[in-house]
Amino acid sequence: TPVGSSTPWTEVEAESGTPGGGATVVSLVPPLSNPINGTTVLEASGAAYVTLTNTGQSVSWVNNSGQSVTALNLRYGIPDAPSGYGITNTLDLYVNGTFRQAIPVNSKQIYVYGANPTDKNPADGGAFILWDEYHFFITGAAVAPGSTITLQKDAANTASFYNIDLIDLEAPPAPMSQPTNSLSITSYGAISNSPSTDNTTAIQNCINAAQSSGKSVWIPAGEFFFGSSNHNGLSASGVTIGGAGLWYSELYNNPTTPGSGGPFFNNLVSCTLQNLDLDCNANDADSPGAMDVSGTNWVVNS
């Protein structure tokens, strides 16, 4: 009998792929001198990963998921900045040897040091939280079963290393339509895909109106940012707050100073959150998280 939940994606470990150009598989080799401290291999799924350090190095997988894949989730790690707080870079994606896109990657939300989950100073040593994830749609045609997916460090990918832990292969369904008897946050002034816009008040006003009228709250496709005013979080009672799907509708907590923002929802009572993604600009392990929810009798469905 299969163990675990049924998922719409197929997870493939990097070490099960084919390294190219001299890429190296790193795996756990006992005995461990200090297994309590975090290391890249200890934090890796399956205690193994592939590292790309030179131009032309790659790791490839055959799409054996049985479906035409249109999206990937990548678990990866790249270096921290010398003074902490991360760097940004790219990694190139190929399908059957043809370039598809440069994948944006960063290390801003990983790397804390010492014994303090808010310590971002590399000089303190003892780094942990060494992996991040990024999900994205594949540019161009769906990747048919039997096709080869390759992640490669090209000349334009200038990080000193790219650690690849795994990929999830998925074909997300089309975005959902706005349900009947719902109020859209855009009707109350919310603006998508605008990092400088603080949508806190607009979304709270929509929630208030939905509560008064017995309707649900609709979050359409797009990325809706919270800003520095989101210290106390949204509150709601007796409403459903839903989006167009996990791959399409996102609330993003983006305070002026990462770590200073409050939770998305401060008090949910008899509410349902569904079909949306919650993310945040937290840059340490003790910052307010995307899913920091208080209240009673609430349910989250993805």
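The values are calculated or read from the model by the stated rules, or taken from the named source; none is laboratory data. What you see is a predicted model; the values in this text were computed from it and never measured. Remember, those area values only see protein heavy atoms, side chains included, never the ligands or the DNA or RNA. Shrake-Rupley method; radii C 1.70, N 1.55, O 1.52, S 1.80 Å.
Tabulated data
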item	result
Nearby lysines by direct alpha-carbon distance to Lys108 (threshold 23 angstrom, same-chain neighbours under 8 apart not counted)	Lys120, Lys153
Ranked order, Tyr248, Tyr162, Tyr188 - accessible area, probe 1.4 Å, largest first	Tyr188, Tyr248, Tyr162
Amide H within-cut-off set for Val26, under 5 Å, with H built and near neighbours excluded	Tyr49, Val50, Thr51
Listed candidates (i) 58; (ii) 62; (iii) 53 - label of the one calculated as percent of Cα pairs over 23 Å apart	(ii)
The chain - percent of accessible surface contributed by carbon and sulfur, probe 1.4 Å	51
Crossing angle, helix 200-213 versus the chain [Cα axis fit, 0-90 degrees, rounded to tens]	50
Value at 222 nm in deg cm²/dmol, rounded to 500, when DSSP H runs of n ≥ 4 in the chain each add -39,500 (n - 2.57)	-1500 deg cm²/dmol
Å² of accessible area per residue within the chain, as computed with a 1.4 Å probe and no ligands counted	45
